[in-house]
Structures are given as C-alpha cells and as structure tokens.
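The values are calculated or read from the model by the stated rules, or taken from the named source; none is laboratory data. Here the structure is a predicted model, which is why all the values come from computation and not from measurement. Because the Cβ atoms are built from the backbone with ideal geometry, glycine has one as well, and the counts that use them run over all protein chains shown.
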Amino acid sequence: MTIRILTITLGLGLAGSVLAEGTVPTSVLRHTTLTDLARAGDRVVAVGDRGTVLFSDDDGLQWQRATTPTGVLLTAVCFANDRQGWAVGHDATILATSDGGRSWQLQHQDVGDVIEEVSDDDLDDEDWDDEDWDENSPAEAAAGAPLLDVQCLSARSATAVGAYGLRLETADGGLHWQPSSETLPDAEGWHLYQHVLQAGGPDYLVGEKGSLYRRDGVGHWEPLESPYDGTFFGGLASRHHGLLVFGLQGNLWRSVDSGISWQRVALPIRSGINSGLLLERGRVALVGNAGVLLESRDEGRSFTLRHLPGRPNLSAVLARRDGGYLVAGVGGIHIVAAQESQP
C-alpha cells in the first residue's frame, strides 16, 4: 500500500545513514532544505532533509553540521534548556541531544509503509482540497507515519504529533515513548501538524480538515468548532486567551476567547502559511510559501507583507538578537533584516 502524506517541505530521507560533524559552506547551505529552527540557549539549531541538523553559535552567520544517526527528513525540533532537546521526522523518528544539538541519538523509530510525499509545490496549488488521503483505518495508516511537531515540556517530558493522528509522549527523558494517554474525541485520523502551547492557558492541537482541539483544565481534549475546513499547519497562543491559527491558501484566523469564536484576518496572499513567531509588544511574524513574510504590530489584527528574494518556500522563522529574523526553508537559512518601524 502506498500512503500519501501531506508535508510542508521537500526532501526524501535515506534511512540508516549517518551524517558527520563539520562546517557547512555557504554553497552547500543554499542547496539544503531546512524545516524548523529552535534556540538552545545562545545556540541556534536547524533541522531538515536527509537527517540534516545544523547549529550556529553566532546567531546564524556560520553553521556547523551535527552528527546524526539517520537520513530521514526531520520536520521539527525543540529544546527544554540549553543542552537537552528533541527532533522528530519521518518514520516516526525521534532523536535526542544532551549537548545543545552538537550530537544526536536515536530514541524511537517505526519504519512502516512507503511514504509518497506531496511536495511544497503542491501546497501552493490553489485547487488543493485536502482530499488526498488514504481511506484505510487511522491506526493502520499511522504505522511508519511521519511526526510533524515536537514540544519540549521539561528536560524529562515532551510530546510529538504527526500524520493520521499519531501522538507520542515521554515522561522519562525519552527512554520510553508511548502513545498519548488522552484520546481525542470525534477524531477521524486526520494529520496533526502542531501541538500549540500557551503559557498559563490551555494547549491546542491543529491539523488537517480544520481539526482544532483544546485541552481543558483537567487535561481532557475537546474539539473546537472550526472556522475553516482546510488544513491548519500551525498556531500561536498568547497569554490573554489570544490564538492565531494558519494554513492553506493564506488562511489566517484569530480568536480572543480561547477558540470559542473566530475572525478571519484579511491577507493579500493565496499561498500557504507554514509557521509563525510571537514577539514582544504585540508583534507577530509569519512565513509561508512563495517567500512570504508577514509582520504584525497589533497582536495579529493586521499584517504587512514582504517577499524574500527569489520567493523560496519557507517553513520556520526565529528572531535574531539584532531584531531581524532567521528564516528556514528551501535554499537553507535566510537572514532577514528588521523592518523599519512605521511612524
């Protein structure tokens, strides 16, 4: 059986290969597809295709390649502190590091059925309608499915979510990864793209077919009425019940009551929005396909649009110390200067 998995990035993994440590020339970096960025203290860590993990100790100016035990596409990375973190990817791969991302160890992998990827060119297709999925049972389809997000809760605990509703968690530093103990009501096995954490508030899950879930105060997940029946790739949650969710065809929705009601944020784009970042003083940054960089200074009520040169598809954004951004995607890492404040 061939399974079609909707992913937000390009890259075909080579399971079992080991990538060695070393400095990455700029010419090589430009031909690398990277999917996510995270900070480990002052260090920046990036993950991407063919088991690639890169790290920078000068805020993204120069990069070194970390040692990894896999060649699969890595989709997400997080850190609990400046040394301990996790990265996840295809074949339900989970890697761990205890030295700030310089070296990685395999903690979990489930090599199942062959994955036929959908490239990010497909995501930019305005006719995509989320119907391209396998009709077999979610439990069967989840075997070998990719993990698409990981969230570090502490140095000992983390959660990962992925295709066909796959959810894994650890409470012992990754010695054991188990299926999540909390079931999702009304779940139909749609892909889960992100576990959204909110400081001092509820957690959320976002995914395919407008899937939206919120975890209540006693730890139970409840479905939210979705304003959109297409795919959500991610979300951002602020301290004061604020929530932004984003996905295909420039869809961006805002809630100020923890997902009870929604307002669509008008944007001048039709391409997918893949990732975002909350900043200080009500600022928000979002990135997406076709080189899209969206910036807000009013907590996501409105956005200004910039395009990166060459309009590469973008999958992650991280703030630099100088006020600009590091942006990852097709073509590796892009350094984006801060935009001048509007009068």
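At-a-glance table
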read-out: Condition check for Gly276: at pLDDT 95 or above, out of contact with any Asp or Glu (no Cβ under 8 Å at 6 or more places or on another chain) and either under 22 Å from Ala40 (Cα atoms) or of a type in the set (D, E, K, R) (or both); value: yes
read-out: Residues (charged (D, E, K, R), more than 23 Å from Gly207 (Cβ to Cβ) and either loosely packed, with under 14 Cβ neighbours inside 10 Å or out of contact with any Phe, Trp or Tyr (no Cβ under 7 Å at 6 or more places or on another chain) (or both)) located in region 269-309; value: Glu280, Arg281, Arg283, Arg297, Asp298, Glu299, Arg301, Arg306
read-out: Pick from region 101-122, criterion among the small types (Gly, Ala, Ser), modelled with pLDDT of 50 or more and in a loop (DSSP other than H, G, I, E, B), ranking: surrounded by the most Cβ atoms within 10 Å (Cβ to Cβ); value: Gly101
read-out: Odd one out for Ala316 among (1) surrounded by fewer than 19 Cβ atoms within 10 Å (Cβ to Cβ); (2) in a strand (DSSP E or B); (3) among the hydrophobic types (A, V, I, L, M, F, W, C); value: (1)
read-out: Some residue of region 216-230 being closer than 28 Å to Thr93 by Cβ, under 19 Å from the mean Cα position of the chain (by Cα) and buried (at least 18 other Cβ atoms within 10 Å of the Cβ); value: no
read-out: Number of positions in region 241-263 that are farther than 23 Å from Gly291 by Cβ and either free of Cβ contacts under 8 Å to residues at least 40 places away in the same chain or of a type in the set (A, V, I, L, M) (or both); value: 8
read-out: Test for Val265: is it surrounded by fewer than 23 Cβ atoms within 10 Å (Cβ to Cβ), over 24 Å from Val47 (Cβ atoms) and either among the acidic types (Asp, Glu) or more than 16 Å from the chain's Cα centre (by Cα) (or both); value: yes
read-out: Leading residue by the ranking (nearest to Asp91 (Cα to Cα)) among those in region 157-209 that are touching a residue at least 60 places away in the same chain (Cβ under 8 Å) and of a type in the set (D, E, K, R); value: Glu208
